[in-house]
Amino acid sequence: MNTHLASRPSETGPINPDWTIAQLLEWLSDDVRQHDVMLQHPLARIEALMTGARWARTPSTVALIRSIAAAVRDEPVRGSIRVGELSPQQASRIPERIPQPA
């Protein structure tokens with residue numbers, strides 16, 4: 001095993017970077033995952049890259065999932081983007097929006 005890779009923290013945690021955003025949302029449909037605090041940081045990163053939203057306080061996993069789902073609903077092509085393809089260059093050019101409370 002490559003110890004460098006094994007000890008390096010993952011930015012996506014248990015989220016597979018090969019999943020599309022639609023597959024991620026399907027995986028997140030499990031109620032247990034929706035409240036998993038270990039998913040908060042990876043989901044916040046994904047949500048920020050997709051929407052460019054700035055939160056006044058740390059959002060819950062449910063709020064992040066809703067924001068990601070709303071981004072896909074508003075622009076369905078986003079559902080086909082792979083998690084690993086998200087980058088700051090691809091971040092939404094939409095002006096800052098105020099996420100709705102969970």
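Hey, could you get me the Stokes-Einstein D for region 32-73, Kirkwood radius over alpha-carbon pairs, 4 °C and 1.567 mPa s, rounded to whole µm² s⁻¹? The Stokes-Einstein estimate is 127 µm²/s.
For D74 and N16 in the same chain, what is the full-extension length gain: residue separation times 0.36 nm, less their Cα-Cα distance, in nm? Contour length minus the Cα-Cα distance gives 18.5 nm. Given their separation in residues at 0.36 nm each and the Cα-Cα distance between them, Q34 and R82 gain 15.3 nm when the chain is fully extended.
None of the figures in this text is laboratory data; all of them are computed from the coordinates on show. Bear in mind the structure is a predicted one, so any value in this text is a computation, not a measurement.
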